[in-house]
Amino acid sequence: MATSRWWLYVQAVFWRVLMRLGMIFHNIPHPRPPSTTFTRSFPSGSSKVVLQFYCPVGYYRNRKEGRRLPVVVNFHGGGFTLGGPTDDSRWAQAVLSEVGAVVVSVGYRRAPEHPFPAAVDDGVQALQYLAGHAAELGLDVSRIALSGFSAGGNLAITVPLRLRDLQVQAEHERWLSRADSTHQLVAAATSDMHIVALFCWYPILDFDEPREHRRAMSIMPDKTLPSFFTDLFDESYLPDLEERRSPYASPVHATDEALRDTLPHDIFFYICEWDMLLNEGQRFVRRLLDLHKHVRAMMVEKARHAWDKSPNPFRDTKEVNILYRDACADMKAIFKM
C-alpha cells in the first residue's frame with residue numbers, strides 16, 4: 001500500500017531539519033568551507049530554483065575584463081527529498097582552490113512536494129539559464145563539468161539525457177507554429193554549451209531494481225542505508241512505479257545510442273564499497289567502457305554511502321580531501337584541453 005503524500009511530507013520535513021543540523025557540524029572542522037559568493041534564481045512550476053555561485057579569487061576582475069571561467073554545475077544529494085545546494089561546499093572549496101572554476105550548485109525542487117521529473121527538469125533549466133546568461137556571469141559554457149552526490153550523481157547523468165531529448169523534440173516541433181518559437185530561443189541559448197566531463201559520487205542509477213535485493217547483495221548489508229530512508233526517497237520521488245524505468249530516473253535504462261551520443265567522453269565514478277549502489281555502479285561503468293567512453297572508476301574501501309558527509313566534527317577528513325583533490329586534478333586537465 002502506497003504511503004500518503006502528507007505523511008511522506010511530514011517525514012521529509014523532520015529529516016530535513018536533522019540533516020541541516022548535521023551539516024552545521026559537518027562544516028565545523030577547519031579549513032571552514034566557503035560561503036556562496038552570490039545567488040541567482042528562476043521560476044519553475046509553482047516554485048523556484050536557486051543557483052548558489054561559488055567563485056574563485058579574481059572572479060570579478062576576470063568578469064570585468066571579459067575573461068570567462070569554466071564552470072562546474074553541481075547537484076546535491078538527499079534522495080531527491082532532503083539536502084540543499086550548500087551541502088557540497090567542501091567540494092566547492094576544492095574546485096575553487098585546485099581548478100579555479102566557478103561552481104554553481106543547483107537548488108532543485110525536492111520531493112514529495114515535487115516528484116519526478118521536477119528535479120531533472122530543474123537541472124535542464126539551470127543549464128539553459130547559465131548558457132543564456134553566460135556573458136553577464138563570466139562563464140565559459142563551452143567548458144562545463146557536471147558533478148553530483150548520490151541523487152545528484154544521478155542528475156549529472158540524467159540531466160544531459162533529458163536536455164538532449166528536449167532539444168531533439170524542439171527541433172522537430174519548431175516549424176509547427178509560432179508558439180514554438182520559444183524552442184528556437186532555447187536551442188540558440190544552448191548552442192555554445194558543451195559538457196566536457198561528469199563527476200559522479202556514489203550515484204543511484206536504477207530505481208527499478210528492488211532495494212531489498214540490492215541490500216541483500218551488498219558486501220555489508222547492515223551498513224547500507226536503512227529502509228526507512230530508502231522507502232521515503234523512492235516513494236517521494238517516484239510514486240508511479242512505471243516511471244522508475246524512465247531513463248531520466250534510471251539511466252541504466254537509457255539506450256546505448258543515447259548514452260554514447262549524449263554523455264561526454266570523460267566520466268568519473270566514485271563509489272563506496274559498503275554501499276548498496278556498488279554493483280549497479282560497477283555494471284554501468286563496464287557498459288560505458290563498452291561504448292568507448294573514457295571512464296575512471298574509484299571504489300572507496302570500507303566506506304558507507306555518503307561517507308564524505310559525516311556530521312562528526314572530529315572525523316578524519318584526510319581521505320576525503322585526497323579524493324576531492326584527485327578529482328579536481330583530472331577536471332583541471334580536461335578544462336585545459
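The values are calculated or read from the model by the stated rules, or taken from the named source; none is laboratory data. As the structure is a prediction and not an experimental result, all values here were calculated from the model. Neighbour counts are summed over all protein chains in view; Cβ atoms, including those assigned to glycine, are modelled from backbone coordinates with ideal geometry.
Please go through the range 116-172 and pick out each residue that is part of a helix (DSSP H, G or I) and of a type in the set (D, E, K, R). If the condition is that a residue be part of a helix (DSSP H, G or I) and of a type in the set (D, E, K, R), then 121, 122, 136, 162, 164, 165, 171 are the ones that fit.
Does at least one position in the range 74-95 carry a residue that is of a type in the set (D, E, K, R) and either part of a helix (DSSP H, G or I) or more than 26 Å from residue 305 (Cα to Cα) (or both)? Checked the range 74-95: at least one residue is of a type in the set (D, E, K, R) and either part of a helix (DSSP H, G or I) or more than 26 Å from residue 305 (Cα to Cα) (or both).
No other residue among 117, 31 is within 18 Å of the chain's Cα centre (by Cα) and surrounded by fewer than 23 Cβ atoms within 10 Å (Cβ to Cβ) apart from 117. Taking residue 61 and the conditions (1) touching a residue at least 12 places away in the same chain (Cβ under 8 Å); (2) of a type outside the set (Phe, Trp, Tyr); (3) not in a strand (DSSP E or B), which numbered condition does it fall short on, given that it satisfies the others? Looking at each condition in turn, residue 61 falls short on (1). Condition (residue is modelled with pLDDT under 95, part of a helix (DSSP H, G or I) and surrounded by fewer than 20 Cβ atoms within 10 Å (Cβ to Cβ)) applied to the range 311-318: is it met by at least one residue? Yes, because at least one residue in the range 311-318 is modelled with pLDDT under 95, part of a helix (DSSP H, G or I) and surrounded by fewer than 20 Cβ atoms within 10 Å (Cβ to Cβ).
Taken together, 250, 246 contain a single residue that is in contact (Cβ under 8 Å) with a residue 60 or more places away in the chain and either of a type in the set (Gly, Ala, Ser) or in contact with a Ser or Thr (Cβ under 8 Å, 6 or more places away or on another chain) (or both), which is 246.
Residues in the range 50-80 that are under 11 Å from residue 138 (Cβ atoms) and among the hydroxyl-bearing types (Ser, Thr, Tyr) were compared, and the one that is surrounded by the most Cβ atoms within 10 Å (Cβ to Cβ) is 59. Within the range 41-56, being touching a helix residue (DSSP H, G or I) at 6+ places or on another chain (Cβ under 8 Å), assigned to a loop (DSSP other than H, G, I, E, B) and either modelled with pLDDT under 95 or among the small types (Gly, Ala, Ser) (or both) holds for one residue alone: 45.
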